[in-house]
Amino acid sequence: MPPGPGRIRRPRRPAGDGSGVPRPRRPATGWSARIEAATPAGRDRTVDAARAVAMAGVVLGHWLVSALVSDPYRPAALRGASPLAYTPGLSPLTWPLQTLGLFFFAGGFAAARGLPAAGGLRRLGMRVARLTRPVAVLLAVWLPALPLLSAAGGTRQAVWSLVSHPLWFLLVYLMLTAAAPLLRAAVLRWGAWAALPPAGIVALADGFHPPYRLGLVTVPVAWAAPYVLGIALAEGRLRRRAGAVLVPLGVAGGAVLLLWAGYPASAVGVPGAGRSNLDPPSLFTLALAAAQIGVFLLVRPWLARLLRRPARWAPVAVLNLGAMTVYCWHQTALLLVTFAALPFGRPPGLLDAPAGDWPLHRLAWLPAFALVLAGLCAVFHRAGHPRSRPARPGTATRGVMGRSRPGRCADRRVRRGPSR
């Protein structure tokens with residue numbers, strides 16, 4: 001039906017500059033553009049996202065369950081406590097925050113990617129060095145400070161427990177990194193099925209209840225299971241369809257262990273409890289890791305599309321670059337905020353007993369912890385990750401995410417064009 005009088009239909013203006021060609025997407029600018037330009041084309045951003053989620057889960061989990069209670073008669077005397085001991089109903093909240101399985105899964109992927117390349121063992125040694133430097137800086141700061149806390153009753157023990165506890169998992173991570181060539185060989189022979197023997201050993205340890213010191217032997221064995229799955233993903237031996245198996249297997253297995261096998265409901269240790277799912281890792285911990293890895297495999301294609309945009313990729317890249325610094329210093333951030341609040345009595349959610357509405361008050365302190373952690377990372381990241389020597393003109397230098405880029409002379413030749 002033609003338009004009536006007074007109703008002139010204008011042709012739809014094409015998107016762009018009027019030439020009919022769609023307007024191109026505005027390129028990223030600023031720090032996100034620099035990070036995008038420095039990211040290697042073959043880097044798997046989805047695994048970096050899994051590592052970032054794992055790191056965020058570990059940090060938030062520690063901040064939410066680590067309580068320091070001030071003695072009413074001696075305010076400087078602090079003791080450790082946990083809200084899970086006062087409110088067991090909060091235990092299910094620990095399931096999504098206990099992400100160490102994803103952490104070791106991403107570590108196995110990274111180790112396997114570095115081995116086949118030229119100088120793989122040398123790169124593995126450099127990786128171990130990058131892991132140990134931030135720990136050495138942390139110990140250099142805290143070990144001289146511990147004697148100053150001796151006069152405050154149980155404060156020294158409580159503080160050292162918070163600072164040193166994450167280091168045990170770094171020790172296990174180093175052990176698995178050193179064993180990566182052997183674990184990769186097992187994956188190349190048996191595929192993702194190589195994760196079953198470590199899980200079987202953990203099941204036997206749970207059934208026989210060995211003494212505590214003997215049970216500690218199973219700690220690296222337990223975390224070898226998700227580490228091996230990460231290697232299998234790097235070698236193309238773990239497909240997306242495996243996620244449809246791991247998710248129901250982990251959920252159903254965890255439910256059976258909780259409801260009929262009597263495993264603790266909390267995914268982390270609770271002070272005063274007779275048994276822990278994390279010290280040493282139990283079969284429930286592996287079921288939780290399997291479910292989380294399965295979810296990652298299922299959402300991985302969507303995640304890859306999401307991270308193509310520089311603005312979404314940049315925060316993930318930054319957190320990965322400072323992952324070790326964040327891991328080493330996040331409990332120190334909690335301690336510094338707690339020490340600063342000592343002159344003000346027992347602020348709710350910080351120095352009082354973790355009962356009642358304590359978890360809600362603790363949520364209000366998270367921004368303060370994050371702000372102090374950002375300052376600590378700004379101070380100690382460079383000390384834990386020293387920069388390499390500047391390259392000579394005309395040689396390749398390493399970018400932010402490991403991408404090589406031309407030096408000054410090469411860049412000048414590109415601008416001027418080829419020489420005659």
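The values are calculated or read from the model by the stated rules, or taken from the named source; none is laboratory data. Quick caveat, the model's predicted, so the values are computed rather than measured. Because the Cβ atoms are built from the backbone with ideal geometry, glycine has one as well, and the counts that use them run over all protein chains shown. With ligands, DNA and RNA removed, areas are computed over all heavy atoms of the protein, side chains included. Shrake-Rupley method; radii C 1.70, N 1.55, O 1.52, S 1.80 Å.
Brief remarks follow.
- Scanning the stretch 275-316 for residues that are under 25 Å from Val245 (Cβ atoms), in contact with an Asp or Glu (Cβ under 8 Å, 6 or more places away or on another chain) and of a type in the set (Gly, Ala, Ser) yields one hit, Ser282.
- The criterion of at least 2 residues that are at pLDDT 90 or above and of a type outside the set (Val, Ile, Thr) is met by the following helices (runs of 4 or more DSSP H) wholly inside the stretch 23-142: 45-65, 83-86, 94-97, 100-114.
- Residue check for Ala194: at pLDDT 85 or above, open to solvent by less than 50 Å² (accessible area, probe 1.4 Å) and either within 23 Å of Gly215 (Cβ to Cβ) or among the hydrophobic types (A, V, I, L, M, F, W, C) (or both): yes
- Scan the stretch 69-88 for residues that are buried (at least 21 other Cβ atoms within 10 Å of the Cβ) and in contact with a helix residue (DSSP H, G or I) (Cβ under 8 Å, 6 or more places away or on another chain) and the total you get is 4.
- Under the condition of being basic (Lys, Arg), assigned to a helix (DSSP H, G or I) and touching a residue at least 12 places away in the same chain (Cβ under 8 Å), the residues counted in the stretch 336-383 number 1.
- Ala232 being in a helix (DSSP H, G or I), modelled with pLDDT of 95 or more and buried (at least 20 other Cβ atoms within 10 Å of the Cβ): yes
- Meets criteria (in contact (Cβ under 8 Å) with a residue 24 or more places away in the chain, aromatic (Phe, Trp, Tyr) and open to solvent by less than 30 Å² (accessible area, probe 1.4 Å)) for Trp329: yes
- Flag if Arg305 is open to solvent by 50 Å² or more (accessible area, probe 1.4 Å), touching a residue at least 12 places away in the same chain (Cβ under 8 Å) and more than 21 Å from Phe104 (Cβ to Cβ): no
- Hey, Val187 in contact with a strand residue (DSSP E or B) (Cβ under 7 Å, 6 or more places away or on another chain), assigned to a helix (DSSP H, G or I) and over 30 Å from Val137 (Cβ atoms) or not: no
- Total residues in the stretch 202-229 satisfying the condition of being in a loop (DSSP other than H, G, I, E, B) and open to solvent by 50 Å² or more (accessible area, probe 1.4 Å): the figure is 4.
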